[in-house]
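Below is one structure, written out as C-alpha cells; the observations come after it.
The values are calculated or read from the model by the stated rules, or taken from the named source; none is laboratory data. Please read these numbers as outputs of a predicted model, since none were measured by experiment. Remember, those area values only see protein heavy atoms, side chains included, never the ligands or the DNA or RNA. Shrake-Rupley method; radii C 1.70, N 1.55, O 1.52, S 1.80 Å.
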Amino acid sequence: MASHRIVRFGNPILRIKAQPIQEISDELKKLADDMVETMIHGEGIGLAAPQISRSIAMFVIHMGLIEENGEPMAVINPEIIETKGEISYEEGCLCIPDIREEVKRPEIIHVKYMDIEGREHEEEFGGYKARVFQHEIDHLNGVLFVDRLGSMKRKLLQKQLKQIADEEMTILAQEEEE
Ligand code: NI
C-alpha cells in the first residue's frame, strides 16, 4: 500500500464531477487500499478519490470509527435515492485543515452503491454514517462542506480559505515543474 498526497482547497480537481466507475479492476482495488492507508494516515473518517487527484466515483469510509467491529470499506458509484429529516453536525475535511463547522444536512439517507467486490447494496441509515456518506458524495460532485455554510459564516472563513488555496496553488505549480 502507498499513501498519496491529499490535495487542498483551491485545487481545481476538487470542483470536477467524478466519473462513474465502469469496471472493478485490480488497479482499482489497489487504489482503494491506498485510499484507506491515506485516510488512516491523515486521521480522517472518510476520503474521496478526487482528494487524491483521481476524478472517479469512489470513496473510502473508516467504519471502524463508526460501528463496533467495523472495517474500512470502499464505496463505488454511490447514489442517494431519498432523504429524510434534517440535522446539524460538526464537519471537517482533510482538504480544509483546521476548519470545523456545523453543517445542516438530511438526517436519514437511502442509498445505492457498489462495494469493491462489485456487489450492489441498497441501504437506509442515519447517524454519523449518513453524515460521512453525504460529505463524501458531495466530494464526488465537486462540492465541499464550506459551500453549505451560510454566507456570513463563509465570509468569516474567507481569509483562512484563501490562505489554504494560495498554499495549494504553490504546491501545484511545483508539481507541474517536476
Ligand atoms: Ni472532505
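Taking the chain as a Gaussian network of alpha-carbon nodes connected by springs under 10 Å, the highest mean-square fluctuation of the residues D166, D115, D26 belongs to D26.
Per DSSP H run of n ≥ 4, the term is -39500 (n - 2.57); total these for the chain, divide by its residue number, and report the mean residue ellipticity at 222 nm rounded to 500 deg cm²/dmol.
Details: 3 runs with 57 residues, N = 178.
Computed mean residue ellipticity for the chain: -11000 deg cm²/dmol.
For segment 30-165, the fraction of 1.4 Å probe accessible surface lying on carbon and sulfur atoms is 47 percent.
Under a Gaussian network description of the chain, with springs only between Cα atoms under 10 Å, the residue in A32, A130, A74 that fluctuates furthest is A130. Mean projected area of the convex hull spanned by the Cα atoms of segment 135-178, taken over all viewing directions: 3.9 nm².
Sequence gap at least 6, Cα distance under 8 Å: using those rules, report the relative contact order of segment 1-65 to the nearest whole percent. After rounding, I find 42 percent.
For segment 89-178, divide the Cα radius of gyration by the Kirkwood radius and give the resulting Rg/Rh value with two decimals. Expressed as Rg/Rh, it is 1.07.
Kirkwood-type hydrodynamic radius, the chain: 16.7 Å, calculated from all non-identical alpha-carbon pairs. Calculated accessible area for segment 1-78 comes out at 51 Å² per residue, all protein chains present (probe 1.4 Å; ligands, DNA, RNA ignored). Exposure check, 1.4 Å probe, all protein chains in place: I87 carries approximately 60 Å² of accessible surface. Kirkwood radius and radius of gyration were both taken over the C-alpha atoms of segment 32-107, and their ratio Rg/Rh is 0.97.
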